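S.K.: Got a structure for you, written out below as structure tokens; questions coming shortly.
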Amino acid sequence: MVLEADSIMYETGGREILHGAFLNCHVGEIVGVLGRNGSGKSTLFEILFGTRKTDNAFVRIGSKVLTGRAYRSGLISYMPQFNSLPPYLRVKTVLWTASIPKSAYLNNPTIKSIMHARINELSGGESKYLELFVALNTKSPFVLLDEPFTGMSPIVVEAMVDVIQKARNKHGIIISDHNYKAVNSLSDRLMFLTEGRIQQVKDIVELKEIYYR
């Protein structure tokens with residue numbers, strides 16, 4: 001199965017953020033989307049997920065063309081940049097609400113250790129790890145990860161990278177983060193978003209050449 005997005009345009013306040021952006025991702029593949037602050041990465045993800053409207057975008061997953069609220073299709077899940085979990089729910093309630101099977105976390109020491117805590121009692125690393133875990137254990141074939149490593153310690157990033165690697169066989173994953181080293185280590189393909197368009201880059205070396213032109 002493949003996610004295809006094409007001809008994505010978005011403008012706000014007279015400024016063109018996305019100009020005919022194109023992106024695709026297959027199940028079993030991790031695609032890294034890199035770019036400067038304000039380049040439109042989060043906007044792109046929100047359009048793909050269906051929480052941001054635009055008049056010009058084509059998004060298809062498999063044979064299904066998604067119009068508007070893609071999140072209702074059950075084909076795509078999204079971990080946003082900022083914490084989106086209800087603060088007063090317990091972790092076990094979040095897992096139950098998201099229909100995460102017990103088999104997914106019974107042998108996960110991190111999840112088991114926070115199972116009975118409320119979201120607002122978790123550390124920043126625990127909260128991010130939980131959001132990532134939930135996103136990657138849904139039934140959606142495609143997952144969008146928007147800056148999952150931001151503010152995380154190297155130890156937490158290492159644990160999160162491991163979770164993402166283990167999930168790649170059952171999902172197509174599109175990830176954006178300013179931790180270019182972590183994204184590069186995970187990704188089968190690297191894409192660079194600049195001036196509203198997306199171009200593929202071979203590696204971090206080529207990315208730096210483009211970035212500092």
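The values are calculated or read from the model by the stated rules, or taken from the named source; none is laboratory data. Note that this is a predicted model, so its numbers are computed, not measured. Heads up, the Cβs are rebuilt from the backbone with ideal geometry, glycines too, and the neighbour counts pull from every protein chain shown. These area figures cover heavy atoms from the full protein model, side chains too; ligands, DNA and RNA do not enter into them. Shrake-Rupley method; radii C 1.70, N 1.55, O 1.52, S 1.80 Å.
S.K.: How much net charge surrounds Asn24 when only the other residues with a Cβ under 13 Å from the Cβ of Asn24 are counted, with Lys and Arg +1 and Asp and Glu -1?
M.R.: Surrounding charge for Asn24 is -2.
S.K.: What is the sum of charges, Lys and Arg at +1 and Asp and Glu at -1, for the other residues whose Cβ falls under 12 Å from the Cβ of Ala117?
M.R.: +2
S.K.: Mind putting a number on the dipole of the chain about its Cα centre? Charges go on the C-beta only, +1 for Lys and Arg and -1 for Asp and Glu, and I need it in Debye to the nearest 20.
M.R.: Approximately 620 debye in magnitude.
S.K.: Under the rule of -39500 (n - 2.57) per DSSP H run of 4 or more residues, summed and divided by the residues of the chain, what mean residue ellipticity at 222 nm is obtained, to the nearest 500 deg cm²/dmol?
M.R.: So the calculated ellipticity at 222 nm is -9000 deg cm²/dmol.
S.K.: What ranking, highest mean first, results for peptides 10-20, 128-138 when packing means the other Cβ atoms within 10 Å averaged over each residue?
M.R.: Descending packing order for the listed peptides: 128-138, 10-20.
S.K.: I would also like to ask the following. Which percent of Cα pairs goes in each bin when the distances of region 84-213 are cut into 10 angstrom slices starting at zero?
M.R.: Going from the shortest bin to the longest, the percentages are 11, 40, 32, 13, 5, 0.
S.K.: Also, quick follow-up: Suppose all protein chains stay in the model; what accessible area per residue would a 1.4 Å probe give for region 1-82, in Å²?
M.R.: 49
S.K.: Provide, for q = 0.17, 0.22, 0.28 Å⁻¹, the log10 of I(q)/I(0) from a solvent-free Debye sum over equal Cα point scatterers in region 1-66.
M.R.: Reported log10 I(q)/I(0), two decimals: -0.60, -0.97, -1.41.
S.K.: Rounded to the nearest 20 debye, what is the charge dipole size of region 68-192 about its Cα centre when +1 sits on each Lys and Arg Cβ and -1 on each Asp and Glu Cβ?
M.R.: 520
S.K.: Further question: Ile155 versus Thr138, label points 7 Å from Cα toward the beta carbon: distance in nm?
M.R.: 3.0
S.K.: Return the percentage of antiparallel bridges among DSSP beta bridges fully within region 94-213, rounded to the nearest 5 %.
M.R.: Once the DSSP bridges in region 94-213 are tallied, antiparallel ones form about 50 percent.
S.K.: Leaving out ligands and nucleic acids, note down the accessible area per residue over region 99-156 with a 1.4 angstrom probe, in whole Å².
M.R.: Per-residue value: 47 Å².
S.K.: What is the set of long-range amide H partners of Tyr78 at a cut-off below 5 Å, with H atoms built 1.01 Å from backbone N?
M.R.: The list, which skips near neighbours in sequence, is Leu144.
S.K.: In sequence order, what are the phi-derived ³J(HN,Hα) couplings for region 130-146 according to the Karplus relation 6.51 cos²θ - 1.76 cosθ + 1.60 with θ = phi - 60°, rounded to whole Hz, with x for glycine and proline?
M.R.: After applying 6.51 cos²θ - 1.76 cosθ + 1.60, I find 5, 4, 5, 4, 5, 4, 8, 10, 7, 7, 4, x, 10, 10, 9, 10, 9 Hz.
S.K.: Here's a follow-up. Could you give the nm distance between label points at Lys102 and Gln165, where each point is 7 Å from its Cα heading toward the beta carbon?
M.R.: With each label point 7 Å from Cα toward Cβ, the separation is 3.0 nm.
S.K.: Could you tell me what percent of the DSSP beta bridges with both partners in the chain are antiparallel, to the nearest 5?
M.R.: 60
S.K.: At a 1.4 Å probe radius, carbon and sulfur cover how many percent of the accessible area of the chain?
M.R.: With neighbouring chains kept in place, the figure for the chain is 50 percent.
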